[in-house]
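The values are calculated or read from the model by the stated rules, or taken from the named source; none is laboratory data. Quantities reported herein were computed from a predicted structural model and do not represent experimental measurements. Here the Cβ is made from the backbone with ideal geometry for all residues, glycine too, and neighbour counts use every protein chain on show. Protein only, heavy atoms only, side chains kept; ligands, DNA and RNA dropped before computing areas. Shrake-Rupley method; radii C 1.70, N 1.55, O 1.52, S 1.80 Å.
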Amino acid sequence: MSRFLDGRYAAMKPYVPGEQPQDKKYVKLNTNESPFPPSPAVLAALKGEEEKLNLYSDPTASVLVGAIAAHFDRIVKSKGGKGISEKQVFAGNGSDEVLAFVFQAFCGKGRGVATPSVGYGFYPVFCELLGIRYNPVPVKSDFSVGIRDYEGIKDNIVIANPNAQTGIYLPLSDIETLLSADKDRLVVVDEAYCDFGGESAVTLLDRYENLIVVQTMSKSRQLAGGRVGFALASEEITEDLNKMKYSFNPYNLNRLSIVAGAAAIADEEYFEKTSVAVANERERLKDSLGKLGFSCTPSLANFVLAGHPAIGGRELYLALKEKGVLVRFLSDAALSPYVRITVGSAEQCDALIEAIKQVFKEKGI
Ligand code: PMP
């Protein structure tokens with residue numbers, strides 16, 4: 001730490017992202033990326049855009065915002081809703097940035113953030129950075145979220161659905177219970193993992209002005225390295241988010257990400273095909289792990305949280321890393337018996353299972 005760092009940040013513990021090793025090639029199942037390449041439509045859209053990098057990107061990201069609005073407008077209307085307009089879409093440099101703007105705009109010391117005690121590790125970090133009161137609400141012993149535990153809480157609620165780390169999904173009726181209980185409290189539903197079996201809360205936007213839905217293109221749309229995330233909310237809320245953005249970084253999305261994101265969300269066929277493939281592979285992976293004596297959370301995400309009675313999470317993570325397979329060990333005490341494994345391609349999952357078998361053989365498990 002330099003002697004120049006402002007005292008406010010001296011004790012701050014930053015978020016530690018999953019390893020992105022550059023030294024050798026691993027079977028990489030540690031940061032919930034898609035095992036599939038970007039859609040061919042994305043690669044085609046990128047062609048020629050790099051020649052315009054001398055010019056600033058469109059601060060309104062209108063091509064991207066338009067494509068996102070069109071996609072969700074169709075979904076909402078197909079379920080009998082009013083639809084989604086472009087004014088209800090806010091795009092950011094990954095959903096981490098979108099979430100940071102949401103926290104900054106709507107939370108503070110007075111109205112903190114209530115969130116399940118096991119969840120996305122960035123939420124407490126944003127709170128510390130931005131001076132927001134962090135209110136972790138304990139999850140049950142099976143990691144499920146008790147909706148009644150949020151009764152009477154005045155803080156805004158931020159909830160990943162399916163939840164981060166566990167993949168456990170809350171039905172929309174539970175989200176609606178949170179929304180209707182107190183209309184002065186925002187409910188931010190972080191849907192990073194909802195495309196692998198869950199249902200988006202976007203259809204509730206017509207009825208609840210205290211709802212913010214946040215999604216990312218990092219998991220189900222093959223753009224983790226493109227950094228595209230977005231929020232869907234009332235026009236007034238997106239106006240507030242734009243106020244934050246234009247006070248911080250107006251060109252928050254670069255040219256390449258804008259065209260890539262627009263093409264990715266428009267290619268519904270590729271999205272469907274790859275999301276279904278990941279969901280099917282998840283079930284096969286759970287099955288294979290179960291046969292080796294693991295128990296897994298009932299995940300509807302593109303990862304599973306798996307624990308084995310004969311080996312701790314850190315030990316298994318290190319042993320697999322040595323064999324060239326990267327999974328995620330999460331240092332949170334409640335999660336120390338487990339590893340979080342991203343659902344990869346069939347080949348990657350087979351390689352993982354083989355590596356686990358070898359580890360077990362070597363350790364006499
Ligand atoms: N929310 C959750 C629950 C996540 O797990 C992640 C990925 N680490 C994000 C948001 C952020 O995703 P990105 O910034 O890549 O859009």
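Counting only Cα atoms, I'd like the Rg/Rh figure for the range 133-269, Kirkwood definition for Rh.
In the range 133-269, Rg relative to Rh is 0.98.
Mind ordering 132-144, 215-227 by average Cβ neighbours within 10 Å, highest first?
Ranking, from highest mean packing down: 215-227, 132-144.
What is the distance in Å between the Cα centroid of the range 42-63 and that of the range 105-137?
35
Quick check: from the Cα gyration tensor, does the range 166-245 come out rounded (a/c under 1.5), prolate or oblate?
In terms of gyration-tensor shape, oblate.
Straight-line reach from LYS286: which aspartates and glutamates have Cα under 13 Å away, leaving out those fewer than 8 places along the same chain?
ASP350
Given the peptides 116-122, 236-242, arrange them by the average over their residues of other C-beta atoms within 10 Å, most packed first.
116-122, 236-242
Full extension from GLU209 to ASP58: what is 0.36 nm times the residue separation minus their Cα-Cα distance, to one decimal in nm?
Between GLU209 and ASP58, full extension yields an extra 51.6 nm.
Let me have the 222 nm mean residue ellipticity of the chain computed from DSSP H runs of 4+ only, each contributing -39500 (n - 2.57), with the sum over all residues rounded to the nearest 500.
Only helices count here, giving -11500 deg cm²/dmol.
For a test of the definition: using alpha carbon positions, the gyration tensor, and the 1.5 limit on a/c, classify the range 285-337 as rounded, prolate or oblate.
rounded
Let a ≥ b ≥ c be the square roots of the eigenvalues of the Cα gyration tensor of the range 44-84; is it rounded (a/c under 1.5), or, if not, prolate (a/b larger than b/c) or oblate?
Because a/c hits 1.5 or more and a/b fails to exceed b/c, the range 44-84 counts as oblate.
Assuming 0.36 nm per residue, please report the length gained on full extension of the stretch MET12 to ASN249 beyond their Cα-Cα distance.
Going from the current span to full extension adds 83.0 nm.
Return a whole-number percent for the relative contact order of the range 1-133, with Cα pairs under 8 Å and 6 or more residues apart as the contact set.
21
What are the membrane-span-like helices in the chain by this rule: whole DSSP H runs, Cα extent along the axis at least 18 Å, mean Kyte-Doolittle hydropathy at least 0.5?
Result, helices passing both filters: 62-78, 94-106.
Calculate, for the chain, the solvent-accessible area per residue in square angstrom, rolling a 1.4 angstrom probe over the heavy atoms of the protein chains.
46
With contacts defined as alpha carbon pairs under 8 Å and 6 or more residues apart, what's the relative contact order of the range 40-266 in percent?
30
Based on the mean of other Cβ atoms within 10 Å per residue, sort peptides 83-91, 275-283 so the most packed one is first.
So the order, starting with the most tightly packed, is 83-91, 275-283.
Translational diffusion coefficient, Stokes-Einstein: compute it for the chain using the Kirkwood radius over C-alpha pairs as Rh, at 10 °C and 1.306 mPa s, and state it as an integer in µm² s⁻¹.
D, rounded to a whole number, is 74 µm²/s.
Just list whichever of LYS109/LYS219; LYS13/LYS140; LYS13/LYS87; LYS25/LYS219; LYS47/LYS323; LYS24/LYS52 have alpha carbons separated by over 28 Å in the model shown.
LYS109/LYS219; LYS13/LYS87; LYS47/LYS323; LYS24/LYS52
Please report the carbon-and-sulfur percent of the accessible area for the range 40-266; probe 1.4 Å, protein heavy atoms only, DNA, RNA and ligands left out.
On the range 40-266, the fraction of accessible area on carbon and sulfur atoms equals 53 percent.
Which trypsin sites (Lys or Arg not before Pro) in the range 1-34 sit in a loop by DSSP (not H, G, I, E or B) and have at most 16 other Cβ atoms within 10 Å of their own Cβ?
Loop-located and lightly packed - ARG3, LYS24, LYS25.
Roughly how many whole Å is it from the C-alpha centroid of the range 222-272 to that of the range 306-365?
34
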